[in-house]
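*Asks:* Here you go, one structure.
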Protein chains: 2
Amino acid sequence: MKVTINDVAARAGVSIKTVSRVINNEPSVRPATRKKVQEAVEALHYQPNLAARNLAGSRAYTIGLIYDNPNAYYVINMQNGILDACKARGYELLIHPSNSKSESVHQELEDLVLHSKVAGLVLTPPFSETKSVIDTLKRLNVDYVRIVSKTADLEDVEDCIQVDDTAAAFDLTQHLLQLGHKRIGFLCGGEEHVSTYGRREGYRQALEQAGIPVEEDLVLKGEYSFDSGVQGAKKLLSLDKPPTAIFASNDEMAAGALFAARLMNIDIPGQLSIVGFEDSPFSRQTWPKLTTAHQPNNEIAKCAAALVLSKARGHTATESGSASKEAGIKREFIPELVVRDSSGPAPTE
Amino acid sequence: MKVTINDVAARAGVSIKTVSRVINNEPSVRPATRKKVQEAVEALHYQPNLAARNLAGSRAYTIGLIYDNPNAYYVINMQNGILDACKARGYELLIHPSNSKSESVHQELEDLVLHSKVAGLVLTPPFSETKSVIDTLKRLNVDYVRIVSKTADLEDVEDCIQVDDTAAAFDLTQHLLQLGHKRIGFLCGGEEHVSTYGRREGYRQALEQAGIPVEEDLVLKGEYSFDSGVQGAKKLLSLDKPPTAIFASNDEMAAGALFAARLMNIDIPGQLSIVGFEDSPFSRQTWPKLTTAHQPNNEIAKCAAALVLSKARGHTATESGSASKEAGIKREFIPELVVRDSSGPAPTE
DNA sequence: GAAAACAATGACAACGCTGTCATATTATCG
DNA sequence: CGATAATATGACAGCGTTGTCATTGTTTTC
């Protein structure tokens, strides 16, 4: 029922150490021997026991995902992406939702790393952008990859998968400008997210390029939630001179803005255009469907996981396939404009 | 840095076996000794190493969650609920998304159980309701708890957490009837889900009680997705004599129905009432907000996990706190009617 | 108060693998 | 062809726990 390395060794007529070499892709095994072992593995459906590997080896076979994100779609996409990368390499995923506002994160991280040996961690915003968290991780000497918003003053770029929020926000804003909008409201995300600033910056740059000054009244603080979108839009639309378009910093906020517009009997996109950011599934489930920027979270997560693993493996240079395993791992993503039905020509006054 | 059972033993002046006894709550340790050990554990921040426990012990310290559900909110809630239960008891969660339509599930399950020792599995629909999957699990002799839709002919009730879809659907339908609706369309979920039948049955019973015959034209096949909701609603609303209310089998379908109604310029709830099922976050993010039945997935998952763990522990009767650990674990849930804005009085003809 | 019963503790061998190091085999070279 | 250098393989000791079983206290019992 339960087949161990001994069974394989016996069947292949070699020592367990040789079997170990084969399954770990270590050098110094003659092709013929390797083949014998591989056949035995196949025949017996052998799968190395994870607990034993973790215990015995210096490497670990689990990667952890740290997140604090109320957006279920985001989280699921991250998980699936990582899982994809893990499965291909025989690793497992340990998920760890946490609260970025609580001070306990550091203790939790320490426990996680010490208690259940992890090969590495994937961090999502806002953890990935919190210095104290990164410091803790450095102190614990654990590998990690941060999924972060691209900014100029980023340290340790090699630990990061970057998302260029600024460029995407620029495109989105330009799209609105091209539709003839001159007054474009902007709903900011939470201040603990660097993406908030990146997206606003893209908005600013596009306006600047078009020679339109940023009106501070049109830029509202908020957070990445539906309710925040509702509140923000209400406020913008109650202005004496309301904007003809609203850039909501994510899809959830955009859905909220849509909701507020409906409340106020405003036609979308006839009287008001709304754009979101992320292209989460429900940007297709609103009425009308949202114009947004597609952020390939699944793919991003996959790359992050691949990067963590290549780092983790880097240490134990026992690999045969030497050097740069990192080749082919995309390190920067620019969300792409997706035009749907929530944006249209600016109304003629 | 990394503190092991040896460190604790040394500090407490006992053997490692005694420490093991204390941390596992085994009997036969004098209170004074127990206290000494506990103090040492505290002082050193000792946390037993999971890999070692898994390897050495007969029990496992990981619980697996098997799901195949496109609904991100559902999955996240399940995960969080299980994680809650796990954390309290020092277990870990291994998530395993799978494809219920593929034949590979059985092999995957086998690998999962054999490869990474699990204490037990939590199954969600449709796996929890698929006989062949259950058979495989029985054969593998692994503990599991199934989250299922309550039905009369359910075997092995003690393995289940039941959700009474019929009762909730009955309430929802009755709500519509009380608003004066006589022609109520029904959009079915996927046929692989038992809940689909339960919900339809509740709908039927309510109509029957009200003395209204079920019109087969008003009951449409579908699946638990937004698009299916759109299609179904379009069809119903194109009928010669369209219904005045639509019961969508879940919130996503209801959102789809809402979308279709908007497309056809139908006022909700003025001309048409729509109700959903589940009370997922986005039932609050549609316009108008959905009347639905609240299904406490987080709580359900928590109970499922608690049940798995109590089962797993049952085997190793080493526990001090004897017998029925299962006390206090809720085994049946009836989603509760939540009236919001998508349902209103039937239009006068 | 000695025998019997029981409770508390510890020594030591697993668990299934990887790491280290010694050994056996094969290739290389003068 | 013999010596030397690689290369391939295996023996064996951990990794940090738990499980088994033997040993040492501590009660109870008559």
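The values are calculated or read from the model by the stated rules, or taken from the named source; none is laboratory data. Because the structure is a prediction, the values reported are computed rather than measured. Positions of Cβ are backbone-derived with ideal geometry, glycine not excepted, and every protein chain shown enters the neighbour counts. Each accessible area value is taken on the protein alone, full model and side chains, heavy atoms only, with ligands, DNA and RNA left out. Shrake-Rupley method; radii C 1.70, N 1.55, O 1.52, S 1.80 Å.
*Asks:* Return the average number of partner chain Cβ atoms within 10 angstrom of each residue Cβ along peptide B:281-291.
*Replies:* Average per residue, whole number: 5.
*Asks:* Between A:ILE266 and B:LYS330, take the C-beta separation as r, use R0 = 41 Å, and let me know the FRET efficiency to the nearest 0.05.
*Replies:* According to the calculation, E is roughly 0.35.
*Asks:* With an 8 Å Cα cut-off and a minimum separation of 6 or more residues, compute the relative contact order for chain B in percent.
*Replies:* With pairs under 8 Å counted, the relative contact order is 18 percent.
*Asks:* Return one number: the angle in degrees, 0 to 90 and rounded to the nearest 10, between the long axis of the Cα atoms of helix B:131-140 and the longest principal axis of the Cα atoms of chain B.
*Replies:* 0 degrees
*Asks:* Compute the long axis of helix B:297-315 from its Cα atoms, compare it with the longest principal axis of the Cα atoms of chain B, and write down the angle in degrees, 0 to 90, nearest 10.
*Replies:* 40 degrees
*Asks:* Using a 1.4 Å probe and ignoring any ligands, DNA or RNA, find the accessible area of B:PHE226 and quote it in Å² to the nearest 10.
*Replies:* Accessible area of B:PHE226: about 10 Å².
*Asks:* Right, next: Can you list the HN-Hα couplings for segment A:259-276, worked out from phi with the Karplus curve (6.51, -1.76, 1.60; θ = phi - 60°), rounded to whole Hz and with x for Gly and Pro?
*Replies:* With the stated coefficients, segment A:259-276 comes to 4, 4, 4, 4, 3, 9, 6, 9, 7, 10, x, x, 8, 8, 9, 9, 10, x Hz.
*Asks:* Using square roots of five times the C-alpha gyration tensor eigenvalues, list the equivalent-ellipsoid semi-axes of segment A:99-154 in whole Å, biggest first.
*Replies:* 19, 13, 9
*Asks:* List the pair-distance distribution P(r) of the protein assembly as shown, using every Cα-Cα distance, as the percent of pairs falling in each 20 Å bin from 0 up to the bin containing the longest distance, rounded to whole percents.
*Replies:* 16, 44, 32, 8, 0
*Asks:* How much accessible area is lost when chains B and A come together, counting both sides, with a 1.4 Å probe, in Å² rounded to the nearest 100?
*Replies:* Adding both sides of the contact gives about 4000 Å².
*Asks:* What accessible area per residue, rounded to a whole number of Å², is obtained for segment A:98-153 using a probe radius of 1.4 Å?
*Replies:* Value for segment A:98-153: 40 Å² per residue.
*Asks:* Shifting gears a bit: Please figure out what share of the DSSP beta bridges in the protein assembly as shown is antiparallel and state it in percent, rounded to the nearest 5.
*Replies:* Just about 10 percent of them are antiparallel.
*Asks:* Here's another thing I want to ask about it. For the modelled label position 7 Å from the Cα of A:LEU154 along Cα-to-Cβ, which residues of segment A:162-196 have backbone nitrogen atoms closer than 19 Å?
*Replies:* Within reach of a label on A:LEU154, which here means backbone N under 19 Å from a point 7 Å along Cα→Cβ, segment A:162-196 contributes A:162-172, A:189-196.
*Asks:* At a 1.4 Å probe radius, carbon and sulfur cover how many percent of the accessible area of segment B:1-115?
*Replies:* With neighbouring chains kept in place, the figure for segment B:1-115 is 50 percent.
*Asks:* Moving to a separate point now. Which whole-number value in Å² is the accessible area per residue of segment A:5-48, probe 1.4 Å?
*Replies:* 61 Å²
*Asks:* Quantify how much of the Cα-Cα distance distribution of chain A extends past 37 Å, in percent.
*Replies:* 33 percent
*Asks:* Between B:ASP227 and B:ILE16, what is the FRET efficiency for a Förster distance of 56 Å, r being their Cβ-Cβ separation, to the nearest 0.05?
*Replies:* Calculated transfer efficiency: 0.40.
*Asks:* Let me know the Rg and Dmax you get for segment A:1-134 when you use only its Cα atoms, in Å.
*Replies:* Cα-based Rg and Dmax for segment A:1-134 come out at 19.0, 57 Å.
*Asks:* If R₀ is 30 angstrom, what is the calculated FRET efficiency for the pair B:GLU299 and A:ALA43, using the beta carbon separation as r and rounding to 0.05?
*Replies:* Approximately 0.05, to the nearest 0.05.
*Asks:* Can you order the peptides B:159-165, A:21-27 by their average number of other Cβ atoms within 10 Å per residue, highest first?
*Replies:* B:159-165, A:21-27
*Asks:* I'd like the projected area of segment A:5-48, averaged over all directions, using the convex hull of its alpha carbons. Report it in nm² with one decimal.
*Replies:* Hull-based average projected area comes out at 2.5 nm².
*Asks:* Report, in debye and to the nearest 20, how large the dipole of segment A:166-295 comes out about its Cα centre when Lys and Arg carry +1 and Asp and Glu carry -1 on their Cβ.
*Replies:* 380 debye
*Asks:* A further question on this structure: Determine the percent antiparallel among the DSSP beta bridges restricted to chain B, to the nearest 5.
*Replies:* Counting DSSP beta bridges with both partners in chain B, the antiparallel share is about 10 percent.
*Asks:* Continuing with this model, one more query. Translational diffusion coefficient, Stokes-Einstein: compute it for segment A:176-298 using the Kirkwood radius over C-alpha pairs as Rh, at 10 °C and 1.306 mPa s, and state it as an integer in µm² s⁻¹.
*Replies:* So the translational diffusion coefficient is about 113 µm²/s.
*Asks:* Something else: I'd like the mean, over residues of A:46-55, of how many other protein chain beta carbons sit within 10 Å of each residue's own Cβ.
*Replies:* Partner-chain Cβ atoms within 10 Å, mean over residues of A:46-55: 6.
*Asks:* For segment A:166-295, which whole-number percentage of the solvent-accessible area (1.4 Å probe, protein heavy atoms only) is attributable to carbon and sulfur atoms?
*Replies:* With neighbouring chains kept in place, the figure for segment A:166-295 is 47 percent.
*Asks:* If you don't mind, another one. Suppose the chain between B:ARG284 and B:SER132 were pulled fully straight at 0.36 nm per residue; how much longer would it get relative to their current alpha carbon spacing?
*Replies:* Gain in length upon complete extension: 51.0 nm.
*Asks:* Nearest 500 deg cm²/dmol is fine: what mean residue ellipticity at 222 nm does the protein assembly as shown get from its DSSP H runs of n ≥ 4 alone, each adding -39,500 (n - 2.57), divided by its residue count?
*Replies:* Per the formula, -13500 deg cm²/dmol.
*Asks:* Sticking with this structure for a sec: Which residues of segment A:86-125 show a drop of at least 40 Å² in accessible area when all protein chains are present, compared with their chain alone (probe radius 1.4 Å, heavy atoms only, ligands and nucleic acids excluded)?
*Replies:* Correct list: A:GLU92, A:LEU94, A:ILE95, A:PRO97, A:LEU114, A:HIS115.
*Asks:* Another question, if that's okay. What are the label-to-label distances in nm, one decimal and shortest first, from A:ASN141 to the same spot in the other copies, with labels 7 Å along Cα to Cβ?
*Replies:* Going from nearest to farthest copy, the values are 4.2 nm.
*Asks:* On a 0 to 90° scale, report how tilted helix A:31-44 is relative to the longest principal axis of chain A, with both axes built from alpha carbons and the result rounded to the nearest 10.
*Replies:* On a 0 to 90 degree scale, this one is about 70.
*Asks:* Moving on. May I have the pair-distance distribution P(r) for segment B:75-219, computed from all Cα-Cα distances with 10 Å bins from 0 and rounded to whole percent?
*Replies:* Per 10 Å bin, starting at zero, the Cα-Cα P(r) for segment B:75-219 comes out as 10, 33, 28, 18, 9, 1 percent.
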